[in-house]
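Shown next, in structure tokens, is the structure this report addresses.
What follows is calculated from the coordinates using simple rules that are stated; it is not laboratory data. This one's a predicted model, so the numbers in the text were calculated from it and none came from an experiment. Note that each Cβ is placed from the backbone with ideal geometry, even for glycine, and that neighbours are counted across all protein chains shown.
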Amino acid sequence: ITKRQSAPSIRARKGGEKIVALTSYSAGTARLVDPFCDLLLVGDSLAMVEHGLGSTLSATLEMMILHGASVVRGSARSLVVVDLPFGSYEASPETAFRHAARLMAETGCGAVKLEGGAHMAETIRFLTTRGIPVMAHVGLTPQAVNTFGGFKTQGREREQWAAIEADAAAVAEAGAFAVVLEGVVEPLAAKITQNLDIPTIGIGASAECDGQILVLEDMLGLSPRVPRFVHRFGAIGEAVTAAVEAYAEAVRTKAFPGEANVYQPKAG
Ligand code: KIV
Ligand code: NA
């Protein structure tokens, strides 16, 4: 029996063996990826990937709870982290605590994630001092797409570095056990990773980070278009298309179900 990873065990990996993380939205995929991962994120990207919504801003607490509980049931060894959805944590530390506590209690997850740097430090401290481990998320933060005016790689201009470095330092100082660095240029990711005493988990932020995360559907080849930072490790979309095509053909030509798939009464 392998013990499940915890927020402290992930934090202790700083500078050591790379942290392997993927998103998972359900028990079915969790079962497949859990043996190879340290951390499973029930990301609010599920609003787009799993529910066909236009942005992550449409994710709701109810959705995160339903999918989070499913992933916890389907996994045994990875730390399960559930995203606090847009609107559930920004207004005040108290609001964040109430919703994060519901996520923890109703899913059994081991930590929550929220987006934002220095301006979220007070909330991160409020949660972590009250029994809720927090993974932070800085750099490109998709819930802020409307104030960013699109998804833009962070730190292309050197003048942007200080603010992003300050965000990373603030969330670490506030007690986050790890921080997702998203869409950040390589040398800035390297500098932040060197200067923080908590692990950085990169997505579009180079191999300089202490770990990596990708959206599972993107790396499996299930997403129609993927950003440059994704490597497609599989071609599952093509495999599904081929299998469904073969099934449809077999049904229409009556090749399926065949002898082997049919029940018969007892002989005699
Ligand atoms: O929602 C998500 O999938 C994320 C990532 C870090 C991949 O937040
Ligand atoms: Na997210």
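State, to one decimal in nm, how far the label point of residue 228 lies from the label point of residue 159, with both points 7 Å from Cα in the Cβ direction.
Roughly 2.2 nm, to one decimal.
Which ordering of 14, 266 is given by a fewest-first count of other beta-carbon atoms within 10 Å?
Numbers: 14 17, 266 4.
Fewest-to-most ranking of 14, 266: 266, 14.
If the cut-off is a Cα-Cα distance under 27 Å, which lysines reach residue 18, setting aside same-chain residues fewer than 8 apart in sequence?
Reachable lysines: 3, 113, 152, 191.
Given the options 148, 256, 86, state which has the largest fluctuation in a GNM of the chain using a 10 Å cut-off (strictly under) for Cα springs.
It is 256.
What do you get for Rg/Rh of the stretch 141-181 when both radii come from the Cα atoms and Rh is the Kirkwood radius?
Result: Rg/Rh = 1.00.
Give me the net charge for the shell around residue 63: Cβ to Cβ below 13 angstrom, other residues only, Lys and Arg +1, Asp and Glu -1.
-4
Residue 26 versus residue 91, label points 7 Å from Cα toward the beta carbon: distance in nm?
3.2
Report, to one decimal in Å, the Kirkwood hydrodynamic radius for the chain based on all distinct Cα pairs.
Working: mean 1/r = 0.0511 Å⁻¹.
Computed over Cα pairs of the chain, the Kirkwood hydrodynamic radius comes out at 19.6 Å.
How large is the dipole of the stretch 7-235 about the Cα centre if only Lys and Arg carry +1 and Asp and Glu carry -1, each at its Cβ, rounded to the nearest 20 debye? Write out the running numbers ahead of the final one.
On the way: 19 positive and 24 negative charges, 79 e Å.
Computed charge dipole of the stretch 7-235: roughly 380 debye.
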